[in-house]
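Trainee: Can you read through this structure? Questions will come right after.
The values are calculated or read from the model by the stated rules, or taken from the named source; none is laboratory data. Worth saying up front: this structure is predicted, and the values here are computed from it rather than measured. Virtual Cβ from ideal backbone geometry, glycine too; neighbours counted across all protein chains shown. Calculation scope for accessible area: heavy atoms of the full protein, side chains included, ligands and nucleic acids excluded. Shrake-Rupley method; radii C 1.70, N 1.55, O 1.52, S 1.80 Å.
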Amino acid sequence: MEGGALRGIVVTAVAMALLPLGVRAADPETAYDRRFGAEAGGVRASKDRADDAAFAAKLLKAADDLQDDPPMKVFLYEKAYWFGIKGPKGRKTAIEAAQRLMRLVPEAKDDWEEKALMADFLVVAEISNKGARRRALQRLVTRFVALADARVQAGKFARAANLYREAVRGASYFDPARKEAIVAKLKAISARAEVDERVQQLKQRFAVEPTNKAAAAALVRVYLVDMDDPKTASAYADRGAKDEAEKRLLLVAAMKIETLPEKALLALGDWYKGLAGDAGPAKDNMLRRAKTYFERYLAVHAAEDDARALAEVKLGQVIKDLQPQP
C-alpha cells in the first residue's frame, strides 16, 4: 500500500501527563497518576490499539470538562494526543487534542500545528479506496506547502524545510511535476534551513549550559555572520566574545549607525571586512556591512587627511570585492 511509508511519521511518545475534575492540581503528573495511572498502565500493556484510542477519547473529554485549571487541561490534551496517535482509530482524537493545544499553548503553536498535520497524513494513509486516498493526499500536500510557505515568510526555515520534505513525499505518489516544484522550494531555503537548525541546537545547548563559552561563541558566529544579525549576536557577547575588543565591537555593531562616532565606524568597517575573509556564503553580507560603515565614515569625516584617504582605499577594496568574479 502506498500509504505504508506515511506510517513512519508516528513519533515516539514522551512521558508527560492529572486530581478529580474541577479541582486545581498542584502537580499535574501526580494527579494524573492518581486518577488515570492504573488505567493508563493497562492500556500501555495492551497490544490492541483500539484501547489506546478509547483511552485517548476519555482523556480528551476529561480535559474538555475540566474547569479553571489550564495546566491540567494541557497535560490531559498532551496525553490524549500521544495515546491517540498510536493507532488508526485514535488519530482523529489526536488531531483534536493538537488543535486545542494550539490555542492553549501559544508558545508551542507551531509544534502542535505540525503534529496535527502529521496526524492527518496518517489518517490519509489509512484510506482504503485508492482514488479517495489520492484526492485526500493532494489536498493534504497543498496544506503542507501552504504551511511551509508561511513558515518561510516567518523566517522559520528549518520548520519550513521539514514541511516541504513531507509534501515531497506525498506528491511523489500522484504528481511528479508538483513534486519537482516543491523540491525547488526546498532547495531555495536549504542553506537557511541548515543555519536555522544549527541555531536551534546551539540555543538548546546554551539553555542547558548557560556558562558554556563554546556554545555562546558559536551563537555569536552564526548570528553575526551566517544570519547577518549583529543585534542578536550581541546578546551572547558576555560569554561568546573571544576577548574584550570583540565584545566591544559586538555591542557597538548592534547600535544605530547614526549614533556612532568616527572611530567606531572605522573599527566596524575594518572588522566586517576581515570577517568577510572566511564567511563563506555570507561573504557579500559582511562586505556590504563594511561598505556601509566606510561610507558613513566618509560622510561625517570632513577633513581631507590621511585617515580619509585610507578609508577611501579600504572602501575601494570592498567595492571591488563585491563585484561579480569572472
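Trainee: With runs of 4+ DSSP H residues as the only contributors, calculate the mean residue ellipticity of the chain at 222 nm using -39,500 (n - 2.57) per run, divided by the residue total and rounded to the nearest 500.
Mentor: Numbers: 15 runs with 230 residues, N = 326.
Computed mean residue ellipticity for the chain: -23000 deg cm²/dmol.
Trainee: If you don't mind, another one. What residues from the stretch 165-201 fall in the zone where the backbone N is under 20 Å from a label point 7 Å along the Cα-to-C-beta line of Arg135?
Mentor: The answer is 170-176, whose backbone nitrogens lie closer than 20 Å to the label point.
Trainee: Given a 1.4 Å probe and heavy atoms of the protein chains only, how would you sort Tyr236, Tyr272, largest accessible area at the top?
Mentor: The ranking, largest first, comes out as Tyr236, Tyr272.
Trainee: Keeping every protein chain in place, order Ile189, Ile127 by accessible area at 1.4 Å, biggest value first, i.e. largest first.
Mentor: From most exposed to least exposed: Ile127, Ile189.
Trainee: Then there's this: Under a crude label model (7 Å from the Cα following the beta-carbon direction), how far is Ser128 from Gln323 in nanometres?
Mentor: In this crude label model, Ser128 to Gln323 measures out at 7.2 nm.
Trainee: Using protein chains only and a probe of 1.4 angstrom, how many square angstrom of Ser190 are accessible, to the nearest 10?
Mentor: For Ser190, solvent-accessible area is about 50 Å².
Trainee: Strictly over 29 Å apart at the Cα level, which of Lys156/Lys256; Lys115/Lys256; Lys187/Lys256; Lys61/Lys179 would you flag in this model?
Mentor: Lys115/Lys256; Lys187/Lys256; Lys61/Lys179
Trainee: Mind giving me the FRET efficiency for Glu258 and Ala150? R0 is 41 Å, r the Cβ-Cβ distance, nearest 0.05 is fine. Walk me through the numbers on the way to the answer.
Mentor: Details: r = 34 Å, r/R0 = 0.84.
It comes out at approximately 0.75.
Trainee: In whole percent, and with a 1.4 Å probe on the protein chains, what portion of the accessible area of the stretch 184-326 is carbon and sulfur? Present the calculation step by step, with values, prior to reporting the outcome.
Mentor: Working: 4420 of 8390 Å².
Ligands and nucleic acids excluded, carbon and sulfur give 53 percent.
Trainee: Another question, if that's okay. Suppose every Lys and Arg Cβ carries +1 and every Asp and Glu Cβ carries -1, with no other charges. What dipole size does the chain come out with about its Cα centre, to the nearest 20 debye?
Mentor: 1240
Trainee: More than 33 Å apart: what percent of Cα pairs in the chain qualify?
Mentor: The share of Cα pairs beyond 33 Å in the chain comes to 48 percent.
Trainee: Also, I was wondering about something else. Any of Lys291/Lys314; Lys92/Lys130; Lys283/Lys320; Lys79/Lys203 with alpha carbons more than 18 Å apart? Name them for me.
Mentor: Checking Cα-Cα distances, Lys92/Lys130; Lys79/Lys203 exceed 18 Å.
Trainee: Mind checking which of Leu249, Leu202, Asn162 is farthest towards the positive end of the stretch 159-305's charge dipole, using Cβ charges of +1 (Lys, Arg) and -1 (Asp, Glu) about the Cα centre?
Mentor: Farthest along the dipole direction, towards plus: Asn162.
Trainee: Would you mind computing, in nm to one decimal, how far apart the modelled labels at Leu298 and Arg34 are, each placed 7 Å from Cα along Cα→Cβ?
Mentor: Those two pseudo-labels are separated by 7.4 nm.
Trainee: Please arrange Thr232, Thr93, Thr259, Thr292 by accessible surface area, largest first, computed with a 1.4 Å probe and ligands excluded.
Mentor: In descending accessible area the options line up as Thr259, Thr292, Thr232, Thr93.
Trainee: Could you work out the pair-distance distribution P(r) of the stretch 171-326 from its alpha-carbon pairs, with 5 angstrom bin width and percents rounded to whole numbers?
Mentor: P(r) for the stretch 171-326, in whole percents per bin: 2, 9, 15, 16, 16, 13, 10, 7, 6, 4, 2, 1, 0, 0.
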